[in-house]
Amino acid sequence: MRAIATFALATAVWSFATAADEPAAIEFGIISTESSMNLRKGFEPIAADMEKAIGKKVNLFFAPDYTGVIEAMRFNKVHIGWFGNKSAIECVDRANGEIFAQCIDKDGQPGYWSLIIVHKDCPLNTLDELLAKGKDYTFAMGDPQSTSGFLIPSYYAFVKNGVSDPSKHFKNYRSGANHEANALSVANKQVDGATFNTEAMFHLQAKQPEAAAKLKAIWKSPLIASDPLIYRNDLPADLKQKIREFFISYGTTSEAKEKLAPLKWSGFKPSTNAQLLPFRQLGLLKDKAKIEGDDKLSADEKATKLKDIDAKLATLAEQMRQAEAQAAKN
């Protein structure tokens with residue numbers, strides 16, 4: 001009976017805490033692109049400045065994978081977060097997230113690029129060579145929620161080259177590791193090839209130059225829009241405004257730019273959920289190619305699934321048209 005009473009009291013306290021209009025502290029989620037120790041060093045100065053600006057304690061939250069941060073926001077354990085565009089889709093759709101800002105590259109680039117890397121001693125020099133000899137090589141994709149480590153190469157490197165399911169194309173295939181882990185696996189010859197990106201290469205060159213020197217890129221993607229920042233949509237309006245104003249104004253001083261430099265950012269600009277529309281489109285195109293190549297589906301099943309995807313693609317195309325028209329007005 002005492003245990004039941006204790007549980008009831010704990011539940012009541014938890015319910016009261018989660019029902020509060022404004023959190024006592026802000027939990028800032030960081031996706032796991034590399035080790036949490038390295039990420040913490042980069043984000044702690046920004047969190048400290050944010051505390052002063054919004055008048056609330058800011059705690060950094062890390063998880064072993066992207067999904068851990070998404071789920072933490074879903075259950076109101078994280079209030080704002082840094083995400084890639086692919087993971088941002090899940091965050092917006094499933095975790096009550098809302099994009100409010102977008103990172104600005106420190107070199108003024110409008111985004112970054114996905115890479116496929118191999119060891120510098122590897123005889124492969126092009127994606128075509130890798131795909132032609134897939135059964136001779138091992139390959140590592142990134143976290144399934146990663147834009148540059150999974151979504152972009154899945155479509156542009158594989159689907160567009162006739163490989164609808166890369167897990168069946170290589171001698172050995174794995175996915176789920178962060179960018180740093182994949183790069184080190186290639187550098188140490190534990191895997192032949194892997195996905196990576198230009199931002200992660202910058203960090204590796206700065207922190208582990210010997211490992212970075214062992215890598216070469218054999219494929220580079222089209223430009224990927226810079227990463228978004230997201231907060232929970234149900235935060236109080238005045239708190240969201242304080243958070244938004246902090247980030248949009250950050251990077252305007254030399255001191256702030258110095259703090260952002262290790263992250264390869266120079267500041268932030270306003271953004272909305274419309275940023276995700278092209279990535280939603282890519283996901284559907286990837287799914288469409290997989291269905292078209294699935295011999296286990298009957299003709300009717302395939303037609304039904306393809307009709308559903310085509311309808312979603314048409315809706316997205318109209319949403320993208322409207323977003324472009326709105327951007328032109330602004």
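Test L316 against the stated conditions and say whether it is surrounded by 12 or more Cβ atoms within 10 Å (Cβ to Cβ), more than 30 Å from F43 (Cα to Cα), of a type in the set (A, V, I, L, M) and within 23 Å of the chain's Cα centre (by Cα). In short, yes. Does A183 satisfy being more than 18 Å from S221 (Cβ to Cβ), assigned to a helix (DSSP H, G or I) and either in contact (Cβ under 8 Å) with a residue 24 or more places away in the chain or not hydrophobic (A, V, I, L, M, F, W, C) (or both)? Here the answer is no, as A183 does not meet what is asked.
Residues that are surrounded by fewer than 19 Cβ atoms within 10 Å (Cβ to Cβ), among the aliphatic types (A, V, I, L, M) and within 23 Å of the chain's Cα centre (by Cα) do not occur anywhere in region 188-202. Exactly one residue out of G134, G68 is modelled with pLDDT of 95 or more and in the same structural domain as R40 (by TED's automatic domain parsing), and it is G68. Kindly indicate whether any position in region 230-240 is touching an Asp or Glu at 6+ places or on another chain (Cβ under 9 Å), closer than 23 Å to T147 by Cα and among the charged types (D, E, K, R). Yes, that holds for at least one residue. Quick check, is A177 touching a Lys or Arg at 6+ places or on another chain (Cβ under 8 Å), without any contact (Cβ under 8 Å) to a residue 60 or more places away in the chain and closer than 23 Å to E199 by Cβ? Answer is no for this residue. A Cβ distance below 8 Å, combined with a sequence gap of six or more or placement on separate chains, defines the contacts here; from region 243-267, residues that are outside the structural domain of E22 (by TED's automatic domain parsing) reach no residue that is at pLDDT 95 or above and among the aliphatic types (A, V, I, L, M).
Condition test on Y112, is it crowded, with 22+ Cβ neighbours inside 10 Å and either of a type in the set (D, E, K, R) or touching a Leu at 6+ places or on another chain (Cβ under 9 Å) (or both)? In short, yes. Residues satisfying the criterion are absent from region 142-149 (criterion: of a type outside the set (F, W, Y), over 14 Å from the mean Cα position of the chain (by Cα) and farther than 16 Å from E129 by Cα). The residue pairs whose first member lies in region 295-317 and is under 26 Å from F279 (Cβ atoms), whose second member is among the polar types (S, T, N, Q) and surrounded by 15 or more Cβ atoms within 10 Å (Cβ to Cβ), and whose beta carbons are closer than 8 Å, counting only pairs six or more residues apart or on different chains, are L313/Q281; L316/Q281; A317/Q281. You will find that of F83, F100, the residue that is of a type in the set (A, V, I, L, M, F, W, C), under 10 Å from the mean Cα position of the chain (by Cα) and on the phi < 0 side of the Ramachandran plot is F83 and no other. When restricted to residues that are charged (D, E, K, R) and either outside any strand (DSSP E or B) or touching a helix residue (DSSP H, G or I) at 6+ places or on another chain (Cβ under 6 Å) (or both), region 209-230 contains 3.
Taking E51 as meeting all but one of (1) farther than 27 Å from Y250 by Cα; (2) touching a strand residue (DSSP E or B) at 6+ places or on another chain (Cβ under 7 Å); (3) in a helix (DSSP H, G or I), write down the number of the exception. All conditions are met except number (1). Summed over region 43-96, residues that are closer than 25 Å to A261 by Cβ and β-branched (V, I, T) total 5. Listed by first and then second residue, the pairs linking a residue in region 82-93 that is under 10 Å from L229 (Cα atoms) and touching a residue at least 60 places away in the same chain (Cβ under 8 Å) to a residue that is small (G, A, S) and surrounded by fewer than 22 Cβ atoms within 10 Å (Cβ to Cβ), with Cβ atoms under 8 Å apart and 6 or more places separating them unless they lie on different chains, are N85/A225.
State yes or no: is D234 of a type in the set (D, E), in the same structural domain as R40 (by TED's automatic domain parsing) and in a loop (DSSP other than H, G, I, E, B)? Spelling it out, D234 is indeed of a type in the set (D, E), in the same structural domain as R40 (by TED's automatic domain parsing) and in a loop (DSSP other than H, G, I, E, B).
The values are calculated or read from the model by the stated rules, or taken from the named source; none is laboratory data. Quick caveat, the model's predicted, so the values are computed rather than measured. All Cβ positions, glycine included, derive from the backbone under ideal geometry; neighbour counts span all protein chains shown.
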